[in-house]
Amino acid sequence: ALYRIRLGEERDALFAREQAARREAEATAERLGRLQRITETILSDLPLESMLRELLEGIRELASVDAAAILLVDGADAALDLRAAAGTDAQVDATVELAQREAVTGRVIDEHRQVDLRAARDCETIQSLIGVPMVVEGRIVGALVAGALARRDFSPDDISLLGLAAGRRDDVDLLVAI
């Protein structure tokens, strides 16, 4: 009888691990599907404005952020100008304002690396912010920033996704030329 009890317990434990592995695999497959959507958007022949809108919407969905924006360096005065955005106007405005106020975009550009601001100070809307540099031929031309209404940590996958989107060289060249 003890043998049957242990066998039942082992079977239950194996079943629970199998179910957990299945949930993890399904979540990974869903994330890969979303990543494929981003990749297809980047590689598509859409007009630039449509591609940027689709790209930023895909980033919002995949990285679970509420707003995403592309800011480009204006060659004349080195200011950052909003080139494209996704999210409600209020969310985008708060994301861009916070990125500039907390010098996230400046740090992204100066340090040539991603900056993660988990606890946004004095901001009633955007609580977490991340920015990655946009580079053309070794020169920083702007930053891609994303903001979340909730405090959160950005995963390495989120950072990689933003880096992938920011590093599409042909589109960045085109953005800079326009």
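Coordinate-derived values only; no laboratory data. None of the values given here were measured: they were computed from a predicted structure. So basically every Cβ, Gly included, is an ideal-geometry build from the backbone, and we count neighbours across all protein chains shown.
Overview of values
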{"quantity": "Gain in span if fully extended, Leu82 to Ala16, counting 0.36 nm per residue against the direct Cα distance", "calculated": "18.9 nm"}
{"quantity": "Charge dipole (segment 4-107, unit charges on Cβ, about Cα centre) - positive-most of Ala103, Ala69, Leu35", "calculated": "Leu35"}
{"quantity": "Per residue, the convex hull volume that the Cα atoms of segment 1-84 enclose (Å³)", "calculated": "121 Å³"}
{"quantity": "Extended-chain gain in nm, criterion 0.36 nm per residue less alpha-carbon gap, Glu57 and Leu2", "calculated": "14.1 nm"}
{"quantity": "Charge tally in the Cβ shell below 14 Å around Glu61, where Lys, Arg are +1 and Asp, Glu are -1, Glu61 excluded", "calculated": "-2"}
